[in-house]
Each structure stands twice: as C-alpha cells, then as structure tokens.
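The next block holds one structure in the form of structure tokens; read it before the comments.
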Amino acid sequence: MTLSPTWLLLAADGLLIIHTLFIAFVVFGLVLVVAGVFRNWHWVRNPWFRFIHLGAIGIVVIQAWLNIICPLTIWENNLREKAGEATYAGSFIQHWLHKLIFYQAEAWVFILIYTAFAALVVLAWCLAPPSSFPRRWESSE
C-alpha cells in the first residue's frame, strides 16, 4: 500500500510536531523544575517525570557526542522526500516549526549547548532530587 503525497506530508508534519514537543519538554521541563523548587510544587519531584526528563536530555547529548542525526529528523525527511517535496520547505506548520527548532551552527556549538544543558539538568537533579517511588507493599496506616 502506497500513501498519497498528502498523507506523507501530514505524517511528516505530525513528526515535526512531536519533535517540537520533545524539545519543549526538555527545555521547559528544566524551567518547571527550577520554578517548582522555589514555589514548592511537589509534582516537580515526581520520579517518573524526573527520570523521563533526564533520559530525554541524555538521548540528545549522546546523539550529539556520537554525531548521530535524530531519528525523528531522518524519518520526517524520508517522508517528505517520498512525497516528492524538498526537505525543510513546505507547509505552514513545517515552515515555522523548522525555523524554531532547526538553526545553522557548527556541530561543536550544539555539542557544547546540549552538554551544558544536560549538566544543568543533572545539577537540578542534585539540588532538588526526585522523591522516592511509593512502595506498594507498605501500609498507609
């Protein structure tokens, strides 16, 4: 079964939105943790949130250090090529989200930025560690 170019472009735009949400989660997740510490928001110490957040930036840093292109970018570009469209040009959503998340710089700049950001996430982890996971076998009495 072959998808029409319209469906391929919709799928590519969907991947771009997911990619943007991933980036927003990484960036704003740290902002929320720091704000939550000062505002005493207990949910920012949720271990699930904190482990997923740490893992997300960890993936970005590993990809940068190993010079691996993000699989979401590769998949999106493949869909756009199959639709007969040039990569990084096209729909309104694609145009603006690409301007937001894809910018040009030397590879070392991204490695430095991602590594420094990951260090901030680890620092936030140390200064405001997540709460422990609740133990199911303990009684709440």
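The values are calculated or read from the model by the stated rules, or taken from the named source; none is laboratory data. As the structure is a prediction and not an experimental result, all values here were calculated from the model. As a convention, Cβ positions derive from the backbone with ideal geometry for all residues, glycine included, and neighbour counts pool all protein chains shown.
Data for the structure
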{"read-out": "Within region 89-107, considering residues that are closer than 25 Å to Leu32 by Cβ and among the aromatic types (Phe, Trp, Tyr), the one modelled with the lowest pLDDT", "value": "Trp96"}
{"read-out": "Single residue of Gly14, Gly29 found to be part of a helix (DSSP H, G or I) and either within 21 Å of Leu123 (Cα to Cα) or acidic (Asp, Glu) (or both)", "value": "Gly29"}
{"read-out": "Some residue of region 10-28 being touching a helix residue (DSSP H, G or I) at 6+ places or on another chain (Cβ under 7 Å) and under 23 Å from Ser131 (Cα atoms)", "value": "yes"}
{"read-out": "Residue satisfying all of: in region 18-34; over 11 Å from the mean Cα position of the chain (by Cα) and touching a residue at least 40 places away in the same chain (Cβ under 8 Å); surrounded by the most Cβ atoms within 10 Å (Cβ to Cβ) among these", "value": "Val33"}
{"read-out": "Some residue of region 108-127 being modelled with pLDDT under 90, touching a Lys or Arg at 6+ places or on another chain (Cβ under 6 Å) and surrounded by 11 or more Cβ atoms within 10 Å (Cβ to Cβ)", "value": "no"}
{"read-out": "Flag for Leu15 being under 19 Å from Tyr103 (Cβ atoms) and touching an Asp or Glu at 6+ places or on another chain (Cβ under 8 Å)", "value": "yes"}
{"read-out": "Test for Ile59: is it modelled with pLDDT of 90 or more and under 26 Å from Asp13 (Cα atoms)", "value": "yes"}
{"read-out": "Hits in region 35-51 - residues which are in a helix (DSSP H, G or I) and either in contact with a Phe, Trp or Tyr (Cβ under 8 Å, 6 or more places away or on another chain) or loosely packed, with under 13 Cβ neighbours inside 10 Å (or both)", "value": "Ala35, Gly36, Phe38, Arg39, His42, Trp43, Pro47, Trp48, Phe49, Arg50"}
{"read-out": "Failed condition for Asn67, given (1) surrounded by fewer than 12 Cβ atoms within 10 Å (Cβ to Cβ); (2) without any contact (Cβ under 8 Å) to a residue 24 or more places away in the chain", "value": "(2)"}
{"read-out": "Filter pass, Ile69 being closer than 24 Å to Val109 by Cα and in a helix (DSSP H, G or I)", "value": "no"}
